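The block underneath contains the structure these notes are about, expressed in structure tokens.
Bear in mind these aren't lab numbers, they're just calculated from the coordinates by the rules spelled out. Just so you know, these numbers come straight off a predicted model, no measurement behind them. Reconstructed Cβ throughout: ideal geometry from the backbone, glycine too, with neighbour counts over all protein chains shown.
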Amino acid sequence: MASLIAILDVKGKSLIQRSYRDDVPPSYIERFLPLVLDMEEENVQVTPCFSDDGINYMHIRHNNLYLLALSKRNTNAAEIIFFLHRLCSVLTEYFKELEEESIRDNFVIIYELLDEMMDFGFPQTTESKILQEYITQESHKLESQARPPMAVTNAVSWRSEGIRYRKNEVFLDVVESINLLVNASGNVVRSEILGAVKMKCYLSGMPELRLGLNDKVMFESTGRASRGKAIEMEDVKFHQCVRLSRFENDRTISFIPPDGEFELMSYRLSQSVKPLVWVEASVESHRGSRVEYMVKVRGQFKRRSTANNVEIFVPVPDDADSPKFRASVGSVVYAPEKSAFVWKIKQLGGGRDYIMRAHFGLPSVRNEELDKRAPITVKFEIPYFTVSGIQVRYLKIVEKSGYRELPWVRYISQNGDDYVLRTITDAKTSTIVAPL
Amino acid sequence: MSVAPPRKGENYELRQQLNSEYREKRADAIKRVIANHTIGKDCSGLFPDVVKNMQTDDLEQKKLVYLYLMNYAKTQPELVILAVNTFVKDTADPNPLVRALAIRTMSVLRTEKTLDYLASPLSKCLRDENPYVRKTAALCVAKVFDLKPELCVEYGFIDTLRDLVGDGNPMVVANAITALSDIHEASLRISETPESAVDEDGNPTTPPTSAKPNAHLFLIDPPTLSKLLVALNECSEWGRIAILNTLATYKAVDTEESEQICERVMPQFQHNNAAVVLGAVKVIMVHIKGVQREDLLKIITRKMAPPLVTLISSPPEVQWVALRNINLLLQKRPDILANEMRVFFCKYNDPPYVKVEKLDIMVRLASDKNVDTLLGELKEYASEVDVDFVRKAVRAMGQVAIKIESAAERCVGVLMELIETRVSYVVQEAVIVIKDIFRKYPHSYEAVIPTLCANLEELDEPEAKASLIWIIGEYAEKIENADELLGHFLDAFKEESYQVQLQTLTAIVKLFLKKPDSAQGIVQKVLQAATKDCDSPDVRDRAYIYWRLLSSDPAAAKSVVLSVRPPISLPQTTVSPAILEELLGEISSLASVYHKPAATFIGKGRLGAEEMAKRATDVEEEVSREKALQTVMAGQQAENLLDFDDEPSTPAASASTSRPATDRGLISTQQIASVTKSTNPLDELMDLFSTASMAVPSQPAGVPAAAMGSGGMGGMGGMGMDLMSPPSASPVAGQSAQQGQGQKKADDDLLGLF
């Protein structure tokens, strides 16, 4: 429950606000940023929820904005914080970018959305596709007044009736993101696979879908001898369209899909993964004059696969300047704003390895601060391949009109948000040569 | 043009446009009014002109006028009446969107006059054929109750709501539930406040007719329960949260029902909304107590871990809320995530508040099996740039060492490596941590003392200094140049902080008792300095006590100053067991995020002794349970006092450690609470120790408060601080100990002294 929702700019000024209950006066919005600054000053951790003078402040950050909810009660914090994230994504879908300017340009529609998404402080409809059906940028004229789509209140609140496509198609993308952490001695300390099955549904009517995966638990429970590999998903999360109780009973994934693009499910496997793209760097640092890097990259996957758009971020000291690069493949750019250089390789073949060298100047007067020990991070995409070996066995579609449809399936593996290698080693402890 | 007051300015222009004969112009003007309102300009003067535009077929324009009304109705209560007619008409519009909009807006105008006109359209809308209107109307009942509870009773809206719980549409069910719980909560507040609060509008209303049915406003009976369980699977994510919240407050009749609830709620773990997952965890934690089937219990424990782990991949703010709740869960059931420590490893880009929480959880999950990995990871954190985080990582190492005996040696090894880095704040933190390790494993790692003493010069923080001095005093007999080292601190005695002064004083006395021959001079000097030049009464008093003890009975002095203290241990929980139980029933709420009961931060944010007493007499059953817990707690407290160890497990101390510094003021509240909690059975005992119990909690409360400014620690970070105080408090505690154990001789001596 939230008494008030506001979007603030970076200076803590309210850009737009909507008060749902009278128990928290809007003047408390102005207190938010000063409180945050006070806490920072006093070296107190600023957390997403805090309480002051009987008022609870719950906030998230998005770009340069604060989305803030206030409440006087012992509110469900998880619900409100999650709602603020939803609000963010709905507004982003409406305006492409959620920033000060897009808010100023769209007061009216944001008010409408705030009213529709939350009533008396309780979240209502946050499905942006459904909202878009009756809250639009064009004003409605007499002849075609908007009505609440059935979907708002239906049991199937994510799909409207009467959808028609001439060609019925379904696209399935299985995307696996790999998060891993390699320590300085080259061992994988932690790894996990975050998988997602994304769908693009262009189907008429109210189709019933059933998705079959090579799910180990299901194979075991049905006593079916698994041909090939079966995978054990540790935790599965579904879009609200999937019937959870059905999955609980017999692991069947059955659902009526929303129209268009959505994420059907996500899963997690914590099986150990070896780094698909291996990177190591050795640094030779000459304090007060220059620093040199040698970076090695290796594609540790099957020869017939390729990793696309590989980007390797190697951290450098904040005050490094005059970069020089030499790479056997790809291109290198210096990104001073990130204190790193980026080695971009369009295509990295399996089993191949490459080397690049970088040279930076350092100011002779060193700033006192310690070197940041940031790790190397890597971005990549490997198509036609999943690390876990997950497979879509079938996608059955049942609709009364009995049309034919074309399901397409695509697999892809890529880096997660946290693909990190701490493999930066000192080439040798350099001695400072005293200038003559 | 007629005579309009100011004939210039923006509002004048807008007024003209609002009265324009062209529709486009009017629509445009309304938009500008709203825009002006948004940027904070006052547009109340335009009220009549805006309201004129209410009757329109353009839905967007209608919405804008409604929006204007919501914001300005209160400023123009006289004029609102102009709008009522249109509102009532709109609630009968053929378009359900308009009907819902009208009833929704009308119920938030918050003026007495419109409320009376609202009743009949609302009862119509509650029975509307369109579910969208019904679900909107359901919440309107809660809004009306907030303004005028009598009206709801008079028109039977609450009964209608109860009927809506059985509605065929899941969204309507969810909102009916939401409204009922909201009304329930509101009515509790009304019955709590004195009667005068009800007639806030100035009208002497009849004593609240609503007060009577309050207690039974919203009780779920078994048939409703099964309706809810069915609706749970069909409703939108937010509806599910509402239902789960309600299920958590339901008291199951028997085991079978508890088991049924758990079984039906478990599938919700698979939902991708974090709040639904946490809501499901809450319901399970509440109802698992009634579950008896072994297999079901096993399944629940097994199925709870994966969704919790997945929450760690959410956006940082959601992650943090989840982490705080996981931290709480682990205090009750440390086993659920026993094998999952790695997922809590900090990412380089995690926001600081997430990192701190993860550190705490990692320490909780540390065990023989994973301690090596954990230490490697902590060592890595200790080389990061964020000073605060680095300190906490070092502190975590100490906690691991104290928690797992077999790992202590490795921890000390890593800490020594860190000291060799010579990074000032790392060294200081490491010294503090090693002091704690000595307190847990006395006489085990004496070999590191020379290295520590070598860093003497580099310490500039009081806590680190005090720690090192304590170590020197404790091992004075084994450190050859102890007098020299302590002399170094004695030279600067006057400039040091009290904390350091106290430690120097005690350490030198220890040294004297251990090596009477060589330390005669130095002890004289320190007693002189402490009694003459020091302006802290604590330091002076302690010096006087030592002085008299030493001069009258050195043997007694020895048994007081050099008494063996029991080893410290890492507390399992950061809150007392009774509060932990309460918080677990509120998982995902702010209370469980802050780790403190709701009563401490809502309302005035203070919980007086009176209120505490009132709460205690609430329900019979609750009381007996709480009393049992209180007895246990009071027992612990008393035990601790007997042990002369003010471990953070005493409620007051634990409260002060777990509390973020923002509400430092609350510490006192908590103390009041903890004092009131120590009920009858142990009162006498408490009385006996009242002096000691006053002295002991005041120490830890004061120390973190002072340190907070510089250290800025929350959660477990405060631990070390509290651990600091026992040596300083030991003389006082020592006295009471003598009494407690009945060592009459020393006792008499002491009393004789005074």
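Give a residue-ordered list of calculated ³J(HN,Hα) values for the range B:313-319 (Karplus: 6.51 cos²θ - 1.76 cosθ + 1.60, θ = phi - 60°; whole Hz; x for Gly, Pro).
My calculation for the range B:313-319 gives 8, 6, x, x, 5, 5, 4 Hz in order.
Towards the positive end of the charge dipole of the range A:277-383, with charges on Cβ (+1 Lys, Arg; -1 Asp, Glu), say which of A:Tyr293, A:Phe313, A:Gly351 has the farthest Cα.
A:Gly351
Kindly provide the helix-only [θ] at 222 nm of chain A, computed as the sum of -39,500 (n - 2.57) over DSSP H runs of four or more divided by all residues, to the nearest 500 deg cm²/dmol?
Working: 7 runs with 71 residues, N = 436.
Rounded to the nearest 500, it is -5000 deg cm²/dmol.
Pop out the ³J(HN,Hα) list for the range B:303-311 in order, Karplus 6.51 cos²θ - 1.76 cosθ + 1.60 with θ = phi - 60°, rounded to Hz; leave Gly and Pro as x.
Values per residue, Gly and Pro as x: 7, 6, 5, x, x, 5, 5, 4, 4 Hz.
Mind ranking B:292-305, B:268-281, B:137-150 by how tightly packed they are, going by the mean number of other C-beta atoms within 10 angstrom, highest first? Write down the numbers at each step before the final one.
Working: B:292-305: 14.1, B:268-281: 25.9, B:137-150: 23.6.
The peptides rank, most packed first, as B:268-281, B:137-150, B:292-305.
Full extension from A:Ser289 to A:His359: what is 0.36 nm times the residue separation minus their Cα-Cα distance, to one decimal in nm? The partial results should precede the final answer.
Working: separation 70, 0.36 × 70 = 25.20 nm, distance 1.08 nm.
Answer, rounded to one decimal: 24.1 nm.
Could you give the alpha-carbon Rg of the range A:4-136 over 2.2 N^0.38 Å, rounded to two decimals?
Values: Rg = 14.4 Å, N = 133, 2.2 N^0.38 = 14.1 Å.
Normalised Cα radius of gyration, the range A:4-136: 1.02.
Give me the distance in nm between label points sitting 7 Å out from Cα along the Cα-to-Cβ direction at A:Thr425 and A:Tyr384, one decimal.
Once both label points are built, they end up 3.6 nm from each other.
Please compute, for peptide A:240-252, the average count of beta-carbon atoms on other protein chains lying within 10 Å of each residue's beta-carbon.
Working: counts 8, 0, 3, 3, 10, 9, 2, 2, 9, 1, 0, 0, 0.
Mean shielding by partner chains, rounded to a whole number: 4.
In peptide A:113-124, how many Cβ atoms from other protein chains are near each Cβ within 10 Å, on average?
Values: counts 0, 1, 7, 4, 1, 1, 13, 13, 4, 12, 9, 10.
Partner Cβ neighbours, averaged per residue: 6.
If you add up the charges near B:Gln503, with Lys and Arg at +1 and Asp and Glu at -1, over every other residue whose beta carbon is less than 14 angstrom from its beta carbon, what do you get? Before the final figure, lay out the partial values.
Details: positive: B:Lys435, B:Arg439, B:Lys465, B:Lys510, B:Arg542; negative: B:Glu461, B:Glu463, B:Glu474, B:Glu496, B:Asp538.
Around B:Gln503, the surrounding residues sum to 0.
What is the list of residues in the range A:154-195 whose amide nitrogen lies under 18 Å from a point 7 angstrom out from the Cα of A:Val217, following Cα to Cβ?
A:193-195
For a quick size check, give me the Cα extents of the range B:341-396 along its three principal axes, largest first, whole Å.
Rounded to whole Å, the extents work out to 29, 17, 16 Å.
Residue by residue through the range A:54-63, which ³J(HN,Hα) values in whole Hz follow from phi under the Karplus form 6.51 cos²θ - 1.76 cosθ + 1.60 (θ = phi - 60°), with glycine and proline marked x?
x, 10, 9, 9, 10, 8, 10, 10, 9, 6
For A:Arg352, what residues show an amide H to amide H distance below 5 Å, using hydrogens built from the backbone and excluding near sequence neighbours?
Answer set, sorted by chain and number: A:Gly299.
Once you place label points 7 Å from the Cα toward the Cβ at A:Lys400 and A:Asn308, how far apart are they in nm?
Label-label distance for A:Lys400 and A:Asn308, simple model: 4.1 nm.
Quick one: Debye curve from the alpha-carbon atoms of the range A:162-295 only, equal weights, vacuum; give me log10 I(q)/I(0) at q = 0.09, 0.16, 0.21 Å⁻¹ to two decimals.
-0.44, -0.93, -1.26
Students often check this: by mean Cβ neighbours within 10 Å, which of A:332-345, B:400-413, B:102-115, A:400-413 ranks highest, and how do the rest follow?
B:102-115, B:400-413, A:332-345, A:400-413
Across peptide A:171-182, how many C-beta atoms of other chains are within 10 Å of each residue C-beta, on average?
Values: counts 0, 0, 0, 0, 0, 0, 1, 0, 3, 0, 7, 0.
If you average over the peptide's residues, the count of other-chain Cβ atoms is 1.
Once you put a point 7 Å from the Cα of B:Ala338 and another 7 Å from the Cα of B:Val230, both along the Cβ direction, what distance in nm separates them?
So the label points at B:Ala338 and B:Val230 sit 4.2 nm apart.
Within the range A:287-327, which residues have the backbone N less than 13 Å from the label spot 7 Å out from A:Arg373 along Cα→beta-carbon, could you tell me?
Under cut-off, by backbone N: nothing.
Working only with C-alpha atoms, what are the Rg and Dmax values of the range B:9-193, expressed in angstrom?
Taking only Cα atoms of the range B:9-193, I get Rg and Dmax of 17.6, 56 Å.
Taking K and R as +1 and D and E as -1, what net charge do the other residues with C-beta under 14 Å from the C-beta of B:Ala179 add up to?
On the way: positive: A:Arg21, B:Arg104, B:Arg134, B:Lys135, B:Lys143, B:Arg162; negative: A:Asp119, B:Asp146, B:Asp159, B:Asp163, B:Asp167, B:Asp182, B:Glu185.
Summing Lys/Arg as +1 and Asp/Glu as -1 gives -1.
Can you give me the convex hull volume of the Cα atoms of chain A, divided per residue and expressed in Å³?
Working: hull volume 89.1 nm³, N = 436.
In chain A, the Cα convex hull volume per residue is 204 Å³.
Please work out the C-alpha center-to-center distance from the range B:514-540 to the range B:409-444 and express it in whole Å.
29 Å
What does the highest-first list of B:446-456, B:573-583 look like by mean Cβ count within 10 Å? Write down the numbers at each step before the final one.
Numbers: B:446-456: 15.0, B:573-583: 20.5.
By packing density, highest mean first, the sequence is B:573-583, B:446-456.
Give, to the nearest whole percent, the P(r) tail of the range B:397-440 beyond 13 angstrom, counting all Cα pairs. Write out the running numbers ahead of the final one.
Working: 428 of 946 pairs.
Value for the range B:397-440: 45 percent of Cα pairs lie more than 13 Å apart.
Return the single residue from A:Leu15, A:Leu113, A:Leu181 with maximal mean-square fluctuation; model: Gaussian network over chain A, springs between Cα atoms under 10 Å.
Comparing A:Leu15, A:Leu113, A:Leu181 in a Gaussian network model of chain A, the most mobile one is A:Leu15.
Based on alpha-carbon centroids, what's the gap between the range B:366-396 and the range A:269-345 in Å, whole number please?
Here the two parts' Cα centres lie 26 Å apart.
Cα centroids of the range A:44-80 and the range A:175-213: how far apart, whole angstrom?
31 Å
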